[in-house]
Each structure stands twice: as C-alpha cells, then as structure tokens.
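Okay, structure first, notes after.
The values are calculated or read from the model by the stated rules, or taken from the named source; none is laboratory data. Given the structure is predicted, the values throughout are model-derived calculations rather than measurements. No Cβ is skipped: glycine too gets one built from the backbone with ideal geometry, and neighbour counts run over all protein chains shown.
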Amino acid sequence: MTKEERSELMQIIRELSYEERDVTLASGRKSNFYFDGKQTCLNARGGLLVGKAFWEVAKTFTGPIDGIGGLTLGADPIATATSIAAALDGQPTHAFIIRKEPKGHGTGQWLEGRKNLPAGSRVVIVEDVTTTGDSSMKAVTRAQEEGLVVLGIITLVDREEGAQENITAAGQVLKPVFTRTEVVGK
C-alpha cells in the first residue's frame, strides 16, 4: 500500500464512516461520534484499499498466516478483501466468518470456511472498529475453541477507548490500521 493509497483510505473513512451524533455502541457505551466501518469496506474503492491495508498489517505478524476472519457482520467484507489482497500478493490466505450463534440447521457450525482451515491453522482476527475490544476477544475465543491459533487482531479504526489495553491484558495483540486520533484528530 502506498502512502497515497493510505491517505485515500483515510479520506474515504472520514467521508463515509465517521459521523458526529449521539449513539449507543455495541459495547453499550454512549458516544457523540460513530465509525461505521462497513460503509468504507463495502465501497468499491474503499474495499480494495481496506484489503491492501489489512494485508500489509497482517504481514507484520510472525510466520505464515492461513486465515483472516472475525465476527459477522463487520469482519465479513474485510476478511474477503484481505484474502484477495493476500492472493494477489502470492500468499493464499483464506477468509473465514465466525457466526454470533451456531448455524440453526445442517451442521450447526460456528465457523464458515472451516474446510480451508484445519485445526492448528494460524489466523488473524479482523474488525472494522474497536472500542473496548470485547467483540474482538469473543472472536478470538471462538476461533481458539475451533482449534485455530490466533496470532492477533487488526482493526480498521481503534476508537482509543480501552481496546488496546483490554486486548493486551488478555494476552493478545491489537494492530490498528488507523486510530481515532489519526482519522479525526480528536
């Protein structure tokens, strides 16, 4: 990813994903600003740049990476875009999706893309936005219960409200593509 592409991605996040308004976050916290990372990830150019940015960060983890994924819905477009970016870089890395509840029929599975990732596969968890890190850690726990080895977590935007500290305290690594401060200067 070039410096120009990184700047372009930040601009897309500012235009499509950042809003100043009162919201209740997934963590239950109240906030006067909101990042909807899906708006950037589902934009044609944004999705391309997200894939490139996440793959660039993913390559900073030690050793091979077999899979990229996380909790549905926020992780879905990121995992797919990153998997494609990895393949274009000559390093096939499969996408996977962790359900919030087990599939209600058929196999009752929690993880989609399982056949590509046998037990012991090395994976990175992805998120669109982190606040406290709770959703990321749920994904880590579920992936580990499925026999995957979690190398760490990448988020598009870290809101800088405790995720880094909480994830580190839980023995994991969080690597943001951007922080709230970088995106909006606050």
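Structure data summary
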{"item": "Selection count, region 127-168, where residues are β-branched (Val, Ile, Thr) and under 14 Å from Asp66 (Cβ atoms)", "result": "2"}
{"item": "Only listed residue being in contact with a Phe, Trp or Tyr (Cβ under 9 Å, 6 or more places away or on another chain), among the aliphatic types (A, V, I, L, M) and surrounded by 17 or more Cβ atoms within 10 Å (Cβ to Cβ), chosen from Ala58, Ala53", "result": "Ala53"}
{"item": "Every pair of residues 6+ apart whose Cβ atoms lie under 7 Å, when the first sits in region 160-183 and is part of a helix (DSSP H, G or I) while the second is among the charged types (D, E, K, R)", "result": "Gln164/Asp158; Arg180/Asp158; Arg180/Arg159; Arg180/Glu160; Arg180/Lys186; Thr181/Glu160; Val183/Arg14"}
{"item": "Leu156 vs. criteria within 11 Å of the chain's Cα centre (by Cα) and closer than 21 Å to Glu19 by Cβ", "result": "yes"}
{"item": "Hey, Gly104 modelled with pLDDT of 95 or more and not charged (D, E, K, R) or not", "result": "no"}
{"item": "Residue in region 113-140 that is farthest from the chain's Cα centre (by Cα), counting only those that are part of a strand (DSSP E or B) and under 24 Å from Lys38 (Cβ atoms)", "result": "Val123"}
{"item": "Every pair of residues 6+ apart whose Cβ atoms lie under 7 Å, when the first sits in region 2-18 and is more than 11 Å from Val50 (Cβ to Cβ) and in contact (Cβ under 8 Å) with a residue 12 or more places away in the chain while the second is aromatic (Phe, Trp, Tyr) and surrounded by 17 or more Cβ atoms within 10 Å (Cβ to Cβ)", "result": "Met10/Phe178; Tyr18/Phe35"}
